[in-house]
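The values are calculated or read from the model by the stated rules, or taken from the named source; none is laboratory data. None of the values given here were measured: they were computed from a predicted structure. Cβ placement follows ideal geometry from the backbone for every residue including glycine, while neighbour counts extend to all protein chains displayed.
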Amino acid sequence: MEEHDEILKQVVERATNHNLRLNFDKCFVRKARVAYMGHFITNKGLLPDPAKMQAIFEMPAPQNKEGVRRFLGLVQYLSKFIPNLSQVDASLRTLLKSDVLFTWEYEQDKIFQELKRLCSTTPVLTFFDVKKPVEIECDASQEGLGAVLMQEGRVIAYASRSLSESEKRYAQIEKEMLSIVFSTKKFHCYIFGKKTVIHNDHKPLEQIFKKLLLAAPLCIQKMM
């Protein structure tokens, strides 16, 4: 508690020095958790707003494309809490394409229920610490890219995206390199100016980085 009060004192002093006023009615002191921008900041880490999670859990199965879009929009709010989200919701996002007829059958409902389950069991994300070393784990599948930002083995955030039709035709080594590029861009605000260890399980990439840039395939050269 002494550390809490000392930090609070520093915040107030800095605000005073910069002529910033604090609204006393909106200040919460010595709280175990505080709601902030759709999340809850706790002494253990970052949590999603339970109200938003409940809204997802109670949402009925979509009856049309607009319903799918609305549901995926709510799920996207939790993307940083769910690993490889883009791979899980891929079949539902396919329904949003203009040339795809809306159908809701067993496969779609199975994914719908799985997304609800994932949204109701989100982990607590650890707060980023500028003083601690940073690591990124990234991977590529046939359909998408996934990444996780960590410190001391604890998750700071997850990220993922689907591959475009042209990217799906890449060689696997190119997809894996793309996952590295994606993860470093996604987590740029955390890793800029910091030594970062990147983990990828595609062994051929290791050899690429040991050679001269011009020795790498042209597509990988462009990414590097």
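Just one residue in the set Asp109, Asp139 is under 22 Å from Pro204 (Cβ atoms) and either at pLDDT 95 or above or not in a helix (DSSP H, G or I) (or both); that residue is Asp139.
When both residues are 6+ apart or on different chains and their Cβ atoms are under 7 Å apart, which pairs have a first residue that lies in region 194-211 and is on the phi < 0 side of the Ramachandran plot, and a second that is assigned to a helix (DSSP H, G or I) and of a type in the set (A, V, I, L, M)? Once the first residue is on the phi < 0 side of the Ramachandran plot and sits in region 194-211, its partners that are assigned to a helix (DSSP H, G or I) and of a type in the set (A, V, I, L, M) give Ile198/Ile180; Asn200/Ile180; His202/Ile173; Pro204/Ile173; Leu205/Ile173; Leu205/Met177; Ile208/Ile220. Look at (1) surrounded by fewer than 11 Cβ atoms within 10 Å (Cβ to Cβ); (2) in the same structural domain as Ser79 (by the TED database); (3) more than 27 Å from Val155 (Cα to Cα) and you find that Glu13 fails only one, number (2).
One line per residue, one yes/no per condition, for (1) in the same structural domain as Cys189 (by the TED database); (2) within 21 Å of Ser162 (Cα to Cα); (3) among the acidic types (Asp, Glu):
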position: Lys80; (1), (2), (3): no, yes, no
position: Val88; (1), (2), (3): no, yes, no
position: Ser98; (1), (2), (3): no, yes, no
position: Leu101; (1), (2), (3): no, yes, no
position: Asp109; (1), (2), (3): no, yes, yes
position: Phe112; (1), (2), (3): no, yes, no
position: Thr121; (1), (2), (3): no, no, no
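In this entry, Ser91 passes the filter for residues that are out of contact with any strand residue (DSSP E or B) (no Cβ under 8 Å at 6 or more places or on another chain), under 30 Å from Leu205 (Cβ atoms) and modelled with pLDDT under 95. Has region 122-131 got at least one residue that is under 18 Å from Thr42 (Cβ atoms) and aliphatic (A, V, I, L, M)? Yes: region 122-131 contains one or more residues that are under 18 Å from Thr42 (Cβ atoms) and aliphatic (A, V, I, L, M).
For Phe28, state whether it is in the same structural domain as Leu74 (by the TED database) and part of a loop (DSSP other than H, G, I, E, B). Judged against the criteria, Phe28 is a match. Looking only at region 169-189, residues that are in contact with a strand residue (DSSP E or B) (Cβ under 6 Å, 6 or more places away or on another chain) and of a type in the set (Phe, Trp, Tyr) come to 2 in all. Among residues that are without any contact (Cβ under 8 Å) to a residue 60 or more places away in the chain, within 24 Å of Phe182 (Cβ to Cβ) and crowded, with 17+ Cβ neighbours inside 10 Å, Leu92 is included.
Restricting region 39-60 to residues that are more than 12 Å from Leu115 (Cα to Cα) and among the aliphatic types (A, V, I, L, M) leaves a set whose member that is surrounded by the fewest Cβ atoms within 10 Å (Cβ to Cβ) is Ala51. Applying a threshold of 9 Å to beta carbon distances and a minimum spacing of six or more residues, or different chains, the list of pairs starting in region 31-44 at a residue that is over 18 Å from Lys80 (Cβ atoms) and ending at one that is charged (D, E, K, R) and not in a loop (DSSP other than H, G, I, E, B) reads Asn43/Arg33.
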